[in-house]
1. Every cysteine in the chain with no other Cys Cβ under 4.7 Å from its Cβ, please list them in numeric order.
2. With charges only on Cβ, +1 for K and R and -1 for D and E, what is the dipole size of the chain about its Cα centre, in debye, rounded to 20?
3. Calculate, in nm to one decimal, what GLU243 and GLU208 gain on full extension: separation in residues at 0.36 nm each, minus their alpha carbon distance.
4. HN-Hα J couplings of region 79-89 from phi, Karplus 6.51/-1.76/1.60, θ = phi - 60°, integer Hz, Gly and Pro as x?
5. Taking the alpha-carbon centroid of each part, what is the distance from region 344-376 to region 383-401 in angstrom?
6. Take every Cα pair under 8 Å in the chain that's 6+ residues apart, average their separations, divide by the length, and report that relative contact order as a whole percent.
7. Compute the length gained on full extension between ASN356 and VAL397: take 0.36 nm times their separation in residues and subtract their Cα-Cα distance, giving the result in nm to one decimal.
8. Roughly what would the spin-label model give for ASN132 and ILE49, points 7 Å off Cα along C-beta, in nm?
Amino acid sequence: MNNGKICVSVCAETVNEFIEKIEQAAKNADVVELRFDCINAEEFDCLKIKKLDLVLSQIFKAKTDKPLLSTFRPKEQGGKRKLSEQERLNFWNMGYDSCWADLEPDVFENSLYWLYQPRICSHHDFSGTPKNLTQIYNQLKSIDCVDIIKIAVQADDVIDGLALMKLLERAKAENRELIPIAMGESGVWTRILGLARGAFMTFASLDEESATAPGQLTAQEMIDVYRVKELDETSEIYGLVAESVAYSVSPQMHNAAFKFHKMNAVYVPFAVKNLEEFIRRMVNPKTREIDWNFRGFSITIPHKIEIMKYLDFVDETARKIGAVNTVKIEGDKLLGFNTDADGFIEPLKNAYGDLNGARVAVFGAGGAARACVYALQRENANVTVFARNSEKAKSLVVDFGVETQDLQSQIEPLKNFDVIVNATPLGMKKGGLENETPATAEQLKGVGLVYDLVYNPFETRLMREAFSVFAPTIGGLAMLVAQAAAQQKIWTGKDAPVKEMSAAALRKLQS
C-alpha cells in the first residue's frame, strides 16, 4: 500500500460535457484534472473576464467531493490549442477556493498563484527525454511556493524512464513531492510503478478514447488490473518484454493470477528496443541501476532468441528450441525457460487428438514456429515449414531436419495437410497486419484443422477464411493462457488459476 493518488484527466469541448465527465471521473479518481485548454475557444473566451468567470463558476459546481486540479496548457507545452500570454494570465488570476493548480514555469511567477493550493509546477517535453533532467528539476525546485514538481517527458525506449525514477529517489531524500512520468508506450511502467516508489500522483484517463497524453492508461485499468495503490517498494515485479506491448493481454492474465493468490506482485509491460541495455541497467541484479524487487518476465517478439546470450542458465526445452519466452531471476542469476512448446501442443491435442503421423504445415520460422516444430516432432507429427525468411528456414532444417518451402503470397492448396499452424505475425492487430492472412479460404479447403497463434484480434482473418470453408479452428488465446499458466508455476511455484486468467484475457480482447 502507498499514499499516492490517481488523477483522472478530463478533456471536453463544451461546459456540459465537462461537467458530465467530471462526475464520471470522480468515481475512480482521487483527483480530477480539468484540461481547460480542451474547451471550445468561443465558449471559453479568456479575453472576456465576465464570460470566463461565468463558465468557470458553472464547471466548479459539478457534483463531486474530489479535489479538482486546473490545467490550462498552451499547445507548445502539450495543450490542445494556442493560447496567448494574456489568456493564460486572465485564467490563472481568477482563483477558485479549494482548487489545485498545475502551472508551467513561464506563467507561475507572473500569476496570482497563491490563490491555489496545492500548486504543481510542471515541465513537459513531447520530443524525447532530455539529458538535463537534473537541471530541469533544480529549476522547478528553485521557484518559490511550488508545492509539487511534475516532469513529463517522451520515452522512446524503456530505459528513458530510468532517469526519472532516479530523480524520484533524490526528491524523496530531499522531502520534495515529485510526479515523474515517461510518456508513450515505453514509459507506461513509470505510470504503474511511480506511486509504489513514492511519486505524489500518477495520471490516468477516463476511458481508452479519452487519453490526454501518450501512454496514459485508464483509471479502471490502474485500479483493477495493476492495483497501483496497493503496491509498495517490496512488491514483486514481473513483466512483458517486447518491442511493442500495446496490444498484449498478458498483463490482464498475470495480474489476475497474482490477485487470485493475494500476492503483493504486479506484471508490467516493458516496451524494449535495446535489449542489452535493458538487461544491464534494469534487470541483472549485478549491474542494474534501480533497486527493485524484479523477479521475472515473459519475453516475446523480437527478443526470444537474443535474450539467450544474457542468461546464466537455459533449460533443455529452450535450448533445443533455440528460443526463450520466460526468464526467472533467482538470486543474482537469470534463468531461461520455454513454455511455448507445451502451451502450444496442449490445446492442439485436446482439439485434434493423437498427432502421430499427422501432416502439419507450420507458417513461420521465428521463435514461436521453432517451439511448434519442436512440440510437434515430440508427438511424431510430419512437419513442413513455410517460411518468409530463408535464413531462419535454413536453421530449422539444420536443427530439426524439417522440409521447408517459401511462404509466397500465392501458395498451392493445402488439402494434403491435416493441420495448419500460423506462427507468423500475419493477422495481428498491431503493425497494420490485421487484414493479412498466410492462407485463403480456397487454399484451406479440405484441411482438417487451422490453428492460429495470433490472439489479438480474437478472431483473425485466417480464422474467418477457415470458417467460410467449414474448417475447424483454434485461436491463439488457448495457447497464450496455457503458456502463461506454465510461466506462473515457474515464477511463483503456485498452480495458475487458469479460469480467472482466461476470463481476464477475454474481457480485454472483447472490450
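The values are calculated or read from the model by the stated rules, or taken from the named source; none is laboratory data. Predicted model only: the values in this text are computed from it and were never measured. Don't worry about glycine lacking a Cβ; one is built from the backbone with ideal geometry, like all the others, and counts go over all protein chains shown. For the accessible areas, the whole protein counts, side chains as well, though only heavy atoms, and no ligand, DNA or RNA atoms are used. Shrake-Rupley method; radii C 1.70, N 1.55, O 1.52, S 1.80 Å.
1. For the chain, the answer is CYS7, CYS46, CYS99, CYS121, CYS145, CYS372, because their Cβ atoms have no other cysteine Cβ under 4.7 Å.
2. Working: 60 positive and 69 negative charges, 123 e Å.
Here the size comes out at about 600 debye.
3. Numbers: separation 35, 0.36 × 35 = 12.60 nm, distance 2.13 nm.
Here the segment from GLU243 to GLU208 would lengthen by 10.5 nm.
4. Taking θ as phi minus 60°, the curve returns x, 8, 8, 6, 9, 7, 4, 5, 4, 5, 5 Hz for region 79-89.
5. If we compute the Cα centre of each part, the gap is 15 Å.
6. Relative contact order, the chain: 10 percent.
7. My answer for the length gained is 12.7 nm.
8. Simple spin-label model gives 3.7 nm for this pair.
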